[in-house]
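Since every read-out is calculated from the coordinates, none of them should be taken as a lab result. Just so it is clear, the model here is predicted, and its values are computed rather than measured. Quick reminder, even Gly has a Cβ in these numbers, built from the backbone with ideal geometry, and neighbours come from all protein chains shown.
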Amino acid sequence: MECDKCDRDAVMQAAYSGGHLCETHFCRSVEKRVRRRIRSDTLLDPEATPDDPETWVIGLSGGKDSVVLTHILDETFGEDPRIEMLALTIHEGIEGYRDESVDACVELADDLEMRHELVSYEEEFGIRMDDVVEDDPENMAPCAYCGVFRRDLLEEYADEYGADKLLTGHNLDDEAQTALMNILEGDVKQIAKHFDASIGDFEERAEQDDFIPRAKPLRDIPEKEVALYAQLMELPAHITECPHASEAYRGEIQELLWNLEENHPGTRHSIMSGYEELAELAADRYGGDDEENKDLSECEQCGSMTGSRICRKCRLLESIAAV
Amino acid sequence: MDVTVDVVSETTHEVSIDDGATYADLLSAIDYSPQEVSVLVDGSPVPEDQPVAADTVQVVRLIKGG
């Protein structure tokens, strides 16, 4: 089978578009879609200048998604004086697994000559996920603890490094799963937050004084294509599953989406295009200075913004320390 | 035709398929979605809608997260 654009062999078929592309045209197509998303999200502030550049912090785990994101951002903006980029890696205390992926992060950052920072749960909180999983004081899935701690450190350190934006490698499958989960849970306020926090066009988002705005430039690229891109470009991605991975509900949704995609190619794309429109409407209704946001105050223990007296991270840490 | 399907780091399957069956049919015979794996022939990725043209293929599972 030939590529649609040249006479080389196709390496992939995009069932949702009917296209077949060779290695070169496929990689170009991924880059083009990421750049288009960056433009349509107005990711680069039109007011950024070489004298007053924007700072983007990239959440770099060393897995395929964040490695591909970092690579494409560097290719696109590495020489752009309006943007300063740095990569931030979190070590959760998962022996073996995270040690190897940190090596992948260091290698990539070296290759790209990008500033790279590493912070760990152990140094910041005095805990390691391997032990948390063992004790499990709240009787929760490992990802439920880990997600709270990771978000906290990404936010804290992005802030410390002066980030205007925090960029993560979420792909189309991740975002379509989250969208569908929010819909199935009936959580319209969460959908509004999703828009203002991470998927809206920066020109349309409500100001978020308390949190660093996020962006997900890979969110038009199916997970499989992100993996293929990493492989074809020979990027130093670390390809192993987290030994504690356990998001049962997300796994169920993922399988549902695979089945839908097989019988109705393009389902993930259409979910996202409808969801983004709905999320913007929800954000108009609930976003910005609504009642809920007004109630945010500083956590009594760590000072991060929370809706209660003590934030979720500090409550989890107390519960872990009590074991 | 008989095809050896090596799911990398997991199991190897011997699968009988009809002439003209595609790589997607091959995946379906071992219960994988084309969304969760890549199919390689001689180390190169192949489009899943193409008819199977090798008696040995490798299947690489996608790894979630990072």
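Numbers at a glance
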{"item": "Charge sum, other residues only, whose C-beta stays under 13 Å from A:LEU184's C-beta, Lys/Arg counted +1 and Asp/Glu -1", "result": "-2"}
{"item": "Karplus 3J(HN,Hα) series, Hz, for region A:154-170 with 6.51 cos²θ - 1.76 cosθ + 1.60 (x for Gly, Pro)", "result": "4, 5, 4, 6, 4, 5, 4, 7, x, 5, 7, 9, 10, 10, 10, x, 4"}
{"item": "Pairs from A:LYS189/A:LYS216; A:LYS189/A:LYS313; A:LYS224/A:LYS313; A:LYS32/A:LYS313 whose Cα-Cα separation, in the structure shown, is over 29 Å", "result": "A:LYS224/A:LYS313; A:LYS32/A:LYS313"}
{"item": "Gyration tensor verdict on region A:49-95 (Cα atoms; rounded if a/c is under 1.5, prolate if a/b is larger than b/c, oblate otherwise)", "result": "oblate"}
{"item": "Other protein chain Cβ atoms within 10 Å, averaged over every residue that makes up A:11-17", "result": "4"}
{"item": "Ellipticity estimate at 222 nm from DSSP helix runs (n ≥ 4, -39,500 (n - 2.57)) divided over chain A, nearest 500", "result": "-15500 deg cm²/dmol"}
{"item": "Total formal charge among the other residues, if their Cβ is under 11 angstrom from that of B:PRO45, Lys/Arg +1 and Asp/Glu -1", "result": "-4"}
{"item": "Number of partner chain Cβ atoms within 10 Å, mean per residue of A:163-174", "result": "1"}
{"item": "Dipole of the protein assembly as shown, positive end: most advanced residue of B:ALA54, A:LEU167, A:VAL30 [Cβ charges, Cα centre]", "result": "A:VAL30"}
{"item": "Relative packing of A:64-74, A:134-144, which averages over residues the other C-beta atoms within 10 Å, highest first", "result": "A:64-74, A:134-144"}
{"item": "GluC sites (Glu not before Pro) lying in DSSP loop within region A:214-323, provided at most 16 other Cβ fall within 10 Å", "result": "A:GLU234, A:GLU241, A:GLU300"}
{"item": "HN-Hα J in Hz across region A:71-77 - Karplus 6.51, -1.76, 1.60, θ = phi - 60°, x for Gly and Pro", "result": "4, 5, 5, 5, 4, 7, 10"}
{"item": "Amide H partners (placed H, <5 Å) of A:HIS116, local residues excluded", "result": "A:ALA87"}
{"item": "Spatial separation of Cα centroids for region A:213-252 and region A:38-99, in angstrom", "result": "16 Å"}
